[in-house]
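Visitor: Handing you a structure now.
The values are calculated or read from the model by the stated rules, or taken from the named source; none is laboratory data. The structure presented is a predicted model; accordingly, all values stated were derived computationally and were not measured. The protein model used for the area step is the full one, side chains on, heavy atoms only, and it has no ligands, DNA or RNA in it. Shrake-Rupley method; radii C 1.70, N 1.55, O 1.52, S 1.80 Å.
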Amino acid sequence: MGGSGSKSKGFWPFSGSGGSGDDQTKDANEQMLARVRSFPGATPFVFTRRSSLYLDEDGDLAHEFYEEAIVTKNGRKKAKLRRIYKNLTPQGIIKLDHPCIHVDFPVVLCEA
């Protein structure tokens, strides 16, 4: 079972057991310096996100909108719900109540 790859030094400091301990700490320090240089004002927290809600013409806010349509089939009237796709505007960027940790943050924050 398992993959057919070799255990080499990974990109992440916690990604494998290759090399001696001294080499690993040196590589981890170099990676940390590279990360700090590439994103000087980077923070692991996310404060805003894109909303999945939409506004319709009336100002109602929802994920999906439906209208009731009367369909006549074989002389019988039947009410069906039809989804509305037009004239909807996305709510946009919203501020989070509590900051979240970014998914791509590559450091272990707490060891159990």
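Visitor: I'd like the accessible area for Tyr54: 1.4 Å probe, protein heavy atoms, all chains in place, Å² to the nearest 10.
Guide: That residue has around 90 Å² of solvent-accessible surface.
Visitor: Quick one, can you get me the convex hull of the C-alpha atoms of the range 70-112 expressed as volume per residue in Å³?
Guide: Taking only Cα atoms, the range 70-112 has a hull volume of 236 Å³ per residue.
Visitor: Just to confirm, what accessible area per residue do you get for the range 51-103 at 1.4 Å probe, in whole Å²?
Guide: On a per-residue basis, 92 Å².
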